[in-house]
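A quick write-up on the structure given underneath.
The values are calculated or read from the model by the stated rules, or taken from the named source; none is laboratory data. The structure presented is a predicted model; accordingly, all values stated were derived computationally and were not measured. In this analysis, Cβ positions are derived from the backbone assuming ideal geometry, glycine residues included, and neighbour counts consider all displayed protein chains.
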2 protein chains.
Amino acid sequence: VSTQAQVLYDFTAEPGNNELSVREGETITLTNQNVGGGWIEAKNSRGEVGLVPEDYIEVCSGFRKWLLQRRHAVYDEWDEEWDDVKSSGGYAESEAGEGGAINRGGAHVRSHLTDWTHIQESSNLVHGGEVGPVWAYPDYQLDCVVADPKKGSKMYGLKSYIEYQVTPTTTNKPVNHRYKHFDWLYERLLDKFGSAIPIPCLPDKQVTGRFEEEFIKMRMERLQGWMSRMCRHPVISSSEVFQLFLSYKDEKDWKTGKRKAEKDETVGVMIFSTIEPEGLPDLDLTEVEQKCEQFNRFTRAMDDGVKDLLTVGNEHWKRCTGPLPKEYQRIGKAFQNLSSVFTSSGYEGEAALTDALTAAGKTYEDIAQMVAEQPKKDLHFLMETNNEYKGLLGCFPDTIGVHKAAIEKVKEGDKLVATGKITTSEKTAMSKRASTMSYALQAEMNHFHSNRIYDYNRVMQQYLEQQVKFYEMIAEKLRNAHSQFTTM
Amino acid sequence: VSTQAQVLYDFTAEPGNNELSVREGETITLTNQNVGGGWIEAKNSRGEVGLVPEDYIEVCSGFRKWLLQRRHAVYDEWDEEWDDVKSSGGYAESEAGEGGAINRGGAHVRSHLTDWTHIQESSNLVHGGEVGPVWAYPDYQLDCVVADPKKGSKMYGLKSYIEYQVTPTTTNKPVNHRYKHFDWLYERLLDKFGSAIPIPCLPDKQVTGRFEEEFIKMRMERLQGWMSRMCRHPVISSSEVFQLFLSYKDEKDWKTGKRKAEKDETVGVMIFSTIEPEGLPDLDLTEVEQKCEQFNRFTRAMDDGVKDLLTVGNEHWKRCTGPLPKEYQRIGKAFQNLSSVFTSSGYEGEAALTDALTAAGKTYEDIAQMVAEQPKKDLHFLMETNNEYKGLLGCFPDTIGVHKAAIEKVKEGDKLVATGKITTSEKTAMSKRASTMSYALQAEMNHFHSNRIYDYNRVMQQYLEQQVKFYEMIAEKLRNAHSQFTTM
């Protein structure tokens, strides 16, 4: 089977380098993904074959689509899979009584991953008071710093790539990762947690920097945002694969861990078998459906709100960097122009006015520059945060969809018992599983809400603080300009 | 001879009122100017006759053109006229020696205006130090207040007009004038002083108010500016006709004065016969020509500079009242919209953020309104002052033209003597007259420069002061909005 990919950015081949020119939006076929050095070999629609930088293409969206289809399909096979787990001892055991939570579900998986024993692969849900179920949060909030992008090269220096330094706050020991490694992590997380936790796409298409340096800086900033968000999630941040990414010891450790992670079978809906609603009672189905529907409405409304803000912000950005500073510049020039005309009057006692007028003109030119540079200082972060949320909100319909499918299945329970397709205890087990999923979704909602409140408080504070500084500085500059005119 | 007029504004006739609908730019023929009540009877190109508000039409530009032609033509007749004055005793007398200045030139005129004896109709030029000749300025600077526009009506209330109250700072006694009276004054001043002093057109065409109230307010403000400028000119402000306008005792006094002023024969270049360069030596022709040329260049350069500033200011005005506040409004709405979405989350502890977000949104809506209203508070005066200067600068080419024609005449002097056309003493007299004109022009230049420096200092101070207040207020509002977000 040939792999198709979408081209994300224009790429012009350097002559004599066996490269292939591609255009944004073009679909290409990957003919060799093991070229290395940040390159893949691809064929375009005209049959031409050549090397293309792997960061310039995206297989993600296709993969994502496939994964989502699989995830929905998988749900129907879940009972079967779950039964496999059960028959292997893990689930049956935990069903028999409490206390077996730690081994539950994980047992089957762990038989394949015998040396991943230093990390607890199951996650606890606890009651968070007024807000309902929440994830059990660790005492120490993990974070990491993505910094110091460095050019590396392969293939005798012919092909280059960027390596970012990732330093977790726990160990404070940096590890290096290329974009493709982040992408690998994203695919692992999506595969493993995607049914329960919305995993936002890696920053990619939206990168707007026109120059390489700007592009790298922007990508780094967005990778930082993505990584911080992942760190903040207790389930993701405590997972084996995430810990591997953040703190592998050496190249060998990384490669072994990678291979293991790729073989991980706790993917799709299987993740729910590793979630333990600690001391939480079974849920009322109607209540769950209502909560779910409310959250669904909320995420859609927020998606609209966020997109609206992004549209408005984009237009404001354009005005602030385009026509508005041009206008202030022209005002500044007009004052300075008038000043130089006045200088030519030959009239005595002109200097005080012309100096002041020139200073006022220069002030408006300064203001023009300030206006043009301001969006980078404030609007930028507001836009980035909302962009991140747009991506995150885009994942919820799928997460909610998986949950809805489970509820529907449970609703059929009585009919299935009546027609003798399942036993009463199987129906009870099914309800229990759906209950776990509902708890997980509610914990995820609460996680989303608390993060959202934190993020929007922070970004609005930052935005307004910078806006205040901006207007204060303009006022200060104008006050100076004003003081140079003499009262007569 | 039929009088043509240009229509300044669209006017739609009220049916059954004997009115005539006219369109801006249309040329109409005045068929009866004595209708009264602020109306004149006119005929359009289709032969339709009806009443049109007299303030909606302009005969000024045609009159002005005619006057200027006449003024240039008059110059050639000047020797003749001047000789008339001479033969009547006035000029010859003053030529004989000093001290006769007060009666010079004025004598002939005053024979027609026997009871206008309380005002000295001649103007003195004195040496102003470094800057050269200046007008003799009075100790007390005259000014007046144009205020309190009131609707008056005539023709049994069918036709209405606006009467402004004009209060000179000298008497503090208000007199009432309609726009047509200001226009009458303008024509008198142009006729009498136009050869020596640039008399800016009355505010008219540029009036932009869309509603009657706004229109009246704007016109009043501009009449105020025009009157203040006239008050500031020592020659104009001390003239009989200007004093009449500012402080007539009653309707009878006004009517008598009006008739007298209309019969004033000291018009066109004759005004120079009333100017006395007190103790100033005859001028060097080359130096005069250079100064004149420099001033000519200066006024043209300033005209360009002022027009440039007006263009820039107009665009800025449009942006500040159009797209910019709309954008701030949309930013405000987007924040408030997001706030109301957040309110619907059903999550506990949401209120602090949503309240703050709503407040931030409202702040940007406030800012939108502030931005839209700001031009009226600052840009307006900058634009008005520059508009005034545009008008004033437009008068200088004519004033300078009259002077150039005089210089050319003097240059021919030797040739005229050689060919026996004039005597040597006539040539000397001619030089003396040209010298007076040059002094007058230089005094006028200096008057212009000192006023310009005063006006631009004042308007820039006012503009920047308001700008500072504006940005400070925005910063203050945003500081309040910022303080409502909580750090977590």
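Tabulated results
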item	result
In the stretch A:296-308, the residues that are closer than 19 Å to residue A:442 by Cβ and either aliphatic (A, V, I, L, M) or within 8 Å of chain B (Cβ to nearest Cβ) (or both)	A:297, A:298, A:301, A:302
Residues being assigned by TED's automatic domain parsing to the domain that holds residue A:389, under 24 Å from the mean Cα position of the chain (by Cα) and within 21 Å of residue A:193 (Cβ to Cβ) - total across the stretch A:261-302	4
Pairs with Cβ under 9 Å, 6+ apart, first in the stretch A:467-488 and at the interface with chain B (Cβ under 9 Å from one of its Cβ atoms), second buried (at least 17 other Cβ atoms within 10 Å of the Cβ) and not in a helix (DSSP H, G or I)	A:467/A:378; A:469/A:378; A:470/A:378
Of all residues making up the stretch A:352-369, the number that are under 30 Å from residue A:308 (Cα atoms) and more than 11 Å from chain B (Cβ to nearest Cβ)	2
Residue within the stretch A:425-448 that is aromatic (Phe, Trp, Tyr), under 25 Å from residue A:130 (Cβ atoms) and within 14 Å of chain B (Cβ to nearest Cβ) present	yes
Verdict on residue A:199 being hydrophobic (A, V, I, L, M, F, W, C) and at pLDDT below 90	no
Single residue of the stretch B:228-260 satisfying the filter (aliphatic (A, V, I, L, M) and closer than 16 Å to residue B:194 by Cα) that is surrounded by the fewest Cβ atoms within 10 Å (Cβ to Cβ)	B:236
Residue A:321 vs. criteria more than 7 Å from chain B (Cβ to nearest Cβ) and modelled with pLDDT of 95 or more	no
Boolean, residue B:461 is free of Cβ contacts under 8 Å to residues at least 24 places away in the same chain and either surrounded by 15 or more Cβ atoms within 10 Å (Cβ to Cβ) or within 26 Å of the chain's Cα centre (by Cα) (or both)	yes
Test: residue in the stretch A:250-259 that is of a type in the set (Lys, Arg) and in contact (Cβ under 8 Å) with a residue 60 or more places away in the chain	yes
Looking only at the stretch B:386-429, and only at residues there that are touching a helix residue (DSSP H, G or I) at 6+ places or on another chain (Cβ under 6 Å) and either of a type in the set (Phe, Trp, Tyr) or not in a helix (DSSP H, G or I) (or both), the one that is surrounded by the most Cβ atoms within 10 Å (Cβ to Cβ)	B:389
Total residues in the stretch A:1-30, condition exposed (fewer than 13 other Cβ atoms within 10 Å of the Cβ) and within 14 Å of residue A:50 (Cα to Cα)	6
Count of residues meeting criterion [closer than 14 Å to residue B:43 by Cβ, out of contact with any Gly (no Cβ under 9 Å at 6 or more places or on another chain) and part of a loop (DSSP other than H, G, I, E, B)] in the stretch B:3-32	1
Lone unmet requirement of (1) modelled with pLDDT of 95 or more; (2) surrounded by fewer than 20 Cβ atoms within 10 Å (Cβ to Cβ) for residue B:342	(2)
Residues satisfying the stated conditions in the stretch A:328-351, i.e. of a type in the set (Gly, Ala, Ser) and either facing chain B (nearest Cβ under 8 Å) or touching an Asp or Glu at 6+ places or on another chain (Cβ under 6 Å) (or both)	A:332, A:334, A:344, A:345, A:346, A:349
